[in-house]
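The values are calculated or read from the model by the stated rules, or taken from the named source; none is laboratory data. Computed from a predicted structure; not experimentally measured. We place every Cβ from the backbone using ideal geometry, glycine too, and count neighbours over all the protein chains shown. We work out accessible area using only protein heavy atoms, side chains counted, and drop any ligands, DNA or RNA first. Shrake-Rupley method; radii C 1.70, N 1.55, O 1.52, S 1.80 Å.
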Amino acid sequence: MSAHESMEHAEHAEHASGSNKKIALLIAVLALFLAVSETLGKGAQTESISKNVEAANLWAFFQAKSIRRTVVLTAAEQGKLTLGATADDAIKATVQKQVDDWTKTAQRYRSEPETGEGTEQLAAKAKHAEHDRDEATAKYHHFELASAAFQIGIVLASATIITGMIALAYVGGVLTLAGLIMTALGLWWPHLLHLH
């Protein structure tokens with residue numbers, strides 16, 4: 001091998017070494033972004049599951065209160081029928097008191113702002129939990145797409161080192177940008193794109 005060929009070979013090896021360092025840096029950055037998007041995705045997924053359970057529990061409580069309210073209202077209506085069929089004033093007074101108590105109880109089951117356990121308050125809480133669940137689910141989908149983009153970018157950048165095809169690194173860079181956009185959408189505008 002001539003000195004000229006040795007110099008060319010050394011220059012080529014040095015150039016390849018510099019390119020490989022840049023690709024390695026790209027892979028490291030992609031791995032960092034992947035870790036962040038995976039962490040955000042797991043957090044959003046956990047939030048989604050938690051809010052789904054909360055909404056289900058609130059709707060179950062709402063149904064229980066609605067059933068109790070219906071039973072009490074039915075008893076009050078039955079008491080009103082008894083009032084019309086009774087001539088004894090003492091019995092009428094007792095039944096009327098019971099009908100009034102049942103009616104108040106039914107009203108309390110419908111709206112109980114002090115405790116937040118009336119059907120109106122429970123429905124509002126359940127709808128809020130459903131909204132939070134939907135928001136977390138939308139975030140989760142964005143973070144999952146971002147993670148996929150970062151993972152594919154890592155694979156392509158790694159393939160660049162093996163094949164020497166710089167175009168793969170550029171595609172990895174584009175995927176990095178796409179992953180960052182999906183992460184930003186997940187963080188700040190999860191309903192901008194509908195990914196369900």
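Quick one: in the range 84-111, of everything that is among the hydroxyl-bearing types (Ser, Thr, Tyr) and in a helix (DSSP H, G or I), which residue is nearest to residue 60 (Cα to Cα)?
Initial filter on the range 84-111 (among the hydroxyl-bearing types (Ser, Thr, Tyr)): 86, 94, 103, 105, 109, 111.
Still in the list and also in a helix (DSSP H, G or I): 94, 103, 105, 109.
Details: 94: 34, 103: 23, 105: 19, 109: 14 Å.
Filtering the range 84-111 for residues that are among the hydroxyl-bearing types (Ser, Thr, Tyr) and in a helix (DSSP H, G or I), the one nearest to residue 60 (Cα to Cα) comes out as 109.
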What is the one condition in (1) at positive phi; (2) without any contact (Cβ under 8 Å) to a residue 24 or more places away in the chain that residue 164 does not satisfy? (2)
Right, residue 144: in contact (Cβ under 8 Å) with a residue 40 or more places away in the chain and not in a helix (DSSP H, G or I) or not? no
For the range 183-193, which residues satisfy the criterion of being in contact with a helix residue (DSSP H, G or I) (Cβ under 8 Å, 6 or more places away or on another chain) and open to solvent by 30 Å² or more (accessible area, probe 1.4 Å)? 187, 191, 192, 193
What do you reckon, is residue 139 among the basic types (Lys, Arg), open to solvent by 30 Å² or more (accessible area, probe 1.4 Å), more than 25 Å from residue 72 (Cβ to Cβ) and not in a loop (DSSP other than H, G, I, E, B)? yes
Quick check on this structure: which one of 167, 178 is of a type outside the set (Phe, Trp, Tyr), in a helix (DSSP H, G or I) and surrounded by 16 or more Cβ atoms within 10 Å (Cβ to Cβ)? 178
When the residues of the range 87-135 are filtered to those that are surrounded by 17 or more Cβ atoms within 10 Å (Cβ to Cβ) and among the basic types (Lys, Arg), which remaining residue is nearest to residue 49 (Cα to Cα)? 133
Sort out which residues of the range 112-126 are in a helix (DSSP H, G or I) and in contact (Cβ under 8 Å) with a residue 12 or more places away in the chain, and write them in order of number. 119, 122, 123, 125, 126
Out of (1) among the β-branched types (Val, Ile, Thr); (2) surrounded by 12 or more Cβ atoms within 10 Å (Cβ to Cβ); (3) at pLDDT 95 or above, what's the single condition that is false for residue 67? (2)
